[in-house]
Each structure stands twice: as C-alpha cells, then as structure tokens.
Amino acid sequence: MSKGKNKNRETRADRSAKGSNGHSCRQNHKRMEMKQGGEALKFPVKLAMWDFDHCDPKRCSGKKLERLGLIKSLRVGQKFQGIVVSPNGNGVVCPNDRSIVEEQGVSVVECSWARLDEVPFNKIGGKNERLLPYLVAANQVNYGRPWKLNCVEALAACFAIVGRMDWASELLSHFSWGPSFLELNSELLEIYQKCTDAQSVKEAETAWLAKIQQEVQERKSQAKTDDIWMTGNVNRKNVNISESEDSSDLEFSEEEQHSKTYRYDSLGNIIASESEEDTQNDTDEEY
Ligand SMILES: C[S@@+](CC[C@H](N)C(=O)[O-])C[C@H]1O[C@@H](n2cnc3c(N)ncnc32)[C@H](O)[C@@H]1O
C-alpha cells in the first residue's frame, strides 16, 4: 500500500491499464463487451484508435465501432505498427500501403477537429502515419464537407484506396449513412486505386481539384447566361431607342439570321469580329 505523498500517484501498472481517454482498460473492455446481441463482431484486420473523449458518444463513430467490438482503444504512449490515419500524417495513403494494411491493420485518432491542439501527437502514432487525400464526408454531422472525415469514414477510405473495397463496405455497413460514403466518392476512389505511391495519389488529387475548380467556373458562367433568359439582357435596357423605332427594328431579318452565325459574349451581346468591322462584305468567315 503506498503512503504519504505518493498516495495518489498512479503507478506505471495503473497507467498502462488505462486507455487514452483515461478510462481503465476494464471499463473500455466492458464497453467492448456491449456488442450487438452480446457477441463481439470480428473484423479481418486490426482496427485501433486513441480516444480522447472529445465527442458526444452518441454521435461518435469511433465509440460506436468500439461498442460493436470492432476497434480497440490504445493508450497515450502506445504506438501502432500498421497505418495510422492521422491529421499529423506526412504522406497520403496510397495503394502501395496495401501490405501494411493487410498485415498490421489501421488506426485513427478519435478526437474533435476543433481540439487537435490538445492531442499529444508526439506520444501516439507510429512509423506509418498518413493523411488522406481529398475525399468528401457523407456522415450526418459533416455531409458534403471535404477532407474532414469521421473515424469510420477515414478507416474505410484507407481500405478503399488500397483496394480493399470489401473491408470498406463491411465497416460502413454498420452506419445507416455509411454506404453513401463510397457512392459519393466512387469516381475519385477509383482514380486513387489506380495509383501506386503517395506521389501519384497527390498528383491525381491535384488533377481532380483542378477539374472541379474548372467545373465550378463553368457553372458560374452558365448561371450568368441563364440569368439573361430569366431577366432579359440588362445591357439592352440602356439602348436608346428613338420614338419612331420599333423594337422589331433591332431584330435581325430572317435572312440575316440565316446568312451569319453570330458570336455572343457572356451577357448575350453580339461580338463584332475585327474582320467584320474591317470588311463588312466578307461573309465567308465563320465565328
Ligand atoms: C478528428 S476525428 C473526428 C471523429 C468524429 N468525432 C467521429 O465521430 O468519428 C477523425 C479522425 O479520422 C482521421 N481522419 C479523418 N479525415 C482525415 C484526413 N483527411 N487525413 C488524415 N486523417 C483523417 C483522423 O484519425 C482523425 O483524427
């Protein structure tokens, strides 16, 4: 029995019996026993997490995996041999990581995105710490948000990238919204699966981001053009039409419309080509 000033100090044995959330292994173990129908579910590879208890247990995907007996809690100070999917990672998960995933498993850091500065990253992790490339969350809390996935999405994303779609689907099947994560990201995951190393995944990610950026620009210009059909061409409102001019005078004759193909700017104004200004009679040029 310890005495005096050391009375309240934890022994090494006490500490090692606690998870990263400070709960005793017995408590964690007890929770792990609360499986569906009392039976622990089995997963083909090791799944682990450092749980910092930042999140509402009812909404927390890591805790749910733990309740199902699918994931093991690690303590601070304990390292993980497999892939550690972490905001502290250097390279990104890539198909070349497959053998590590299959042999050693995957772990995550169960914490709040808003409290990352409270996580002692130097005391957790392992030699295979990885970021995830661009993917979009499908969970109910962060639906549609890129990069910041929850724990089960992060584990599933890792499995999917290394080509273990079977494990990704199996894990997500325990969440009502789970399968939609793979649907939402299907095109991109297929692209990542065709890569090899981290650099090729980064290149694929850069190309994808450029593509979606371009699509956004195109949609914006399209929206501007569509507005004209709804509101009319605002530039035309400033055209000074004399009393005697009928609006039909501003329209082109059928003959004109058929004889030329006009080019329009984004506001619907006809762009006069240089050659048209120079040589009014030149009708051969196509725009
Ligand atoms: C910050 S926690 C949030 C957990 C959430 N409360 C839940 O219910 O699962 C999500 C964890 O998933 C992993 N993760 C998610 N997105 C990631 C990304 N883009 N790169 C690296 N790790 C990521 C990390 O381990 C991260 O700590």
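Derivation of every value follows stated rules applied to the coordinates shown; laboratory data play no part. Predicted model only: the values in this text are computed from it and were never measured. Neighbour counts run over all protein chains shown; Cβ positions are idealised from the backbone, glycine included.
Data overview
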| item | result |
| --- | --- |
| Matching residues, region 155-165, being small (G, A, S) and more than 11 Å from the ligand (Cβ to nearest atom) | A160, G163 |
| Filtered residues of region 96-126 (kept if closer than 17 Å to S73 by Cβ and among the aliphatic types (A, V, I, L, M)) | V106, V108, V109, V119, I124 |
| Members of region 93-104 that are of a type in the set (V, I, T) and under 18 Å from the mean Cα position of the chain (by Cα) | V93 |
| Set V136, V152: member being near the ligand (Cβ under 8 Å from one of its atoms), β-branched (V, I, T) and out of contact with any Cys (no Cβ under 9 Å at 6 or more places or on another chain) | V152 |
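Listed here are the residues, each with its yes/no results for (1) within 22 Å of the chain's Cα centre (by Cα); (2) near the ligand (Cβ under 8 Å from one of its atoms).
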{"residue": "K79", "(1), (2)": "no, no"}
{"residue": "P87", "(1), (2)": "yes, yes"}
{"residue": "G91", "(1), (2)": "yes, no"}
{"residue": "V106", "(1), (2)": "yes, no"}
{"residue": "E110", "(1), (2)": "yes, yes"}
{"residue": "A114", "(1), (2)": "yes, no"}
{"residue": "E118", "(1), (2)": "no, no"}
{"residue": "N122", "(1), (2)": "no, no"}
{"residue": "G126", "(1), (2)": "no, no"}
